[in-house]
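What follows is a set of notes on a single structure, which appears directly below.
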Amino acid sequence: MQQQKQKKIPVRRCVGCNAQRPKRELVRVVRSPEGEISIDLRGKAPGRGAYLCPSAACLAKARKAKRLERTFEVPIPGEIYERLTEEIQCAEQSAKEATEHGE
């Protein structure tokens, strides 16, 4: 009898709440090699990445403590925070709909 190897699930730490969660559950913000800050929805873009839970509370904590600025060592433009807020609201909404349809 052969045992099937379990696939390893990558875990990342949220810069907002410091909780460790599976990589797929988090939103990735990336600084490209050119120094451009963007949101990486696929999780494959080249550059330095930071992860956030898809919750407004984690984004607020990260913004207040300037954790993204510290991680990337560059100032973060306001439009990045606005776009993150929109992405997180969409993620929270879809999660809420999924739990409502699941019941």
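Where a number appears in this text, it was derived from the coordinates with a stated rule and is not lab data. On a predicted model such as this, the values are computed, not experimentally measured, just so you know. Methodologically, a virtual Cβ is constructed for each residue, glycine included, from the backbone with ideal geometry; neighbour enumeration extends over all protein chains shown.
Odds and ends about this structure:
- Hz values of 3J(HN,Hα) by residue in the range 47-58 - Karplus curve (6.51, -1.76, 1.60), Gly and Pro given as x: x, 7, x, 9, 10, 10, 5, x, 9, 4, 5, 5
- Based on C-alpha pairs under 8 angstrom that are at least 6 apart in sequence, the chain has a relative contact order of 23 percent.
- Sparse-neighbourhood loop sites, trypsin sites (Lys or Arg not before Pro) in the range 35-91 - DSSP loop, at most 12 other Cβ within 10 angstrom: 42, 44, 66
- Taking other Cβ atoms within 10 Å as a rough exposure proxy, 81, 51 sort from fewest to most as 81, 51.
- For the chain, the tally of Lys pairs with Cα-Cα distances below 23 Å comes to 10, considering only residues 8 or more apart or on different chains.
- Cβ-based net charge around residue 86, under 13 Å, with every Lys or Arg adding one and every Asp or Glu removing one: -3
- Rounded to the nearest 10 degrees, the angle from helix 78-102 to the longest Cα principal axis of the chain is 20 degrees.
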